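Structure first, then comments.
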Amino acid sequence: MVCAYIGVADCYDAKQITGWAANVAADACPGAENEGQNAYRHFTWQAMITAKHGAQTAEMVADAHEAYGDREGHNYADHLSDLVNNEYGRQMGEKIAAANPGASEFQLRDAITREAKNHMTGGNYARPSDFE
């Protein structure tokens, strides 16, 4: 449904970014999926969509995912932490896009993964336990 609003090309790109974010999160936080890996994935996913397509598009994609995506095994606290980490990611994407006008996708990926690592190292991410 969200593709009707953002267009097929942006929707396709958002899907590609989703796969990239999952891969970089798994590399940054190895092992079985955990809260750090989940936060990292949401940061990088929303930051890249924001940097390339704007915060409004990123928010529509995230809202659709949270409303209709795979929620099996996720409780309300997981959902709330995802929403917060999505917002952190959008803020990160806006900041990186503003600081790097005309950056290539490779340059955006590099800047986003560096910033996400800084967030994670500083413990600046929402955890489900924050909402229990």
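Residues of region 1-20 that are closer than 18 Å to Phe43 by Cβ and among the aliphatic types (A, V, I, L, M): Ala14, Ile17. Within region 21-33, the set of residues being farther than 12 Å from Phe43 by Cβ and either open to solvent by less than 30 Å² (accessible area, probe 1.4 Å) or modelled with pLDDT under 90 (or both) comprises Pro30, Gly31, Ala32, Glu33. Annotation note: Cβ proximity below 8 Å between a residue of region 49-60 that is under 14 Å from Thr18 (Cβ atoms) and a residue that is charged (D, E, K, R) and surrounded by fewer than 18 Cβ atoms within 10 Å (Cβ to Cβ) (sequence gap 6+ or interchain) occurs for Thr50/Glu94; Lys52/Glu105. Give region 88-102 a look and list any residue that's surrounded by fewer than 16 Cβ atoms within 10 Å (Cβ to Cβ) and either within 20 Å of His65 (Cβ to Cβ) or small (Gly, Ala, Ser) (or both), or say none. Scanning region 88-102 gives Gln91, Ala98, Ala99, Gly102.
Name the single residue, out of those in region 103-132 being aromatic (Phe, Trp, Tyr) and more than 15 Å from Met92 (Cβ to Cβ), that is surrounded by the most Cβ atoms within 10 Å (Cβ to Cβ).
Applying the filter and picking the extreme gives Phe131.
Among the residues of region 3-46, those that are in contact with a Phe, Trp or Tyr (Cβ under 7 Å, 6 or more places away or on another chain) and within 20 Å of Ile96 (Cβ to Cβ) comprise Ile17, Thr18, Ala21, Ala25, Ala28, Ala39, Phe43.
Each row is one residue, and each column tells you yes or no for (1) under 12 Å from Met48 (Cβ atoms); (2) within 12 Å of the chain's Cα centre (by Cα); (3) in a helix (DSSP H, G or I).
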position: Leu80; (1), (2), (3): no, no, yes
position: Val84; (1), (2), (3): no, yes, yes
position: Gly89; (1), (2), (3): yes, yes, yes
position: Ala103; (1), (2), (3): yes, no, no
position: Gln107; (1), (2), (3): yes, no, yes
position: Ile112; (1), (2), (3): yes, yes, yes
position: His119; (1), (2), (3): no, no, yes
position: Ala126; (1), (2), (3): no, no, no
position: Asp130; (1), (2), (3): no, no, yes
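Applying the criterion of at least 2 residues that are in contact with a strand residue (DSSP E or B) (Cβ under 8 Å, 6 or more places away or on another chain) to the helices (runs of 4 or more DSSP H) found wholly in region 1-63 leaves an empty list.
The values are calculated or read from the model by the stated rules, or taken from the named source; none is laboratory data. Since we're looking at a predicted model, the values are computed, not measured. Note: ideal-geometry Cβ built from the backbone for every residue, glycine included; neighbour counts use all protein chains shown. Note: areas computed on protein heavy atoms with side chains; ligands, DNA, RNA excluded. Shrake-Rupley method; radii C 1.70, N 1.55, O 1.52, S 1.80 Å.
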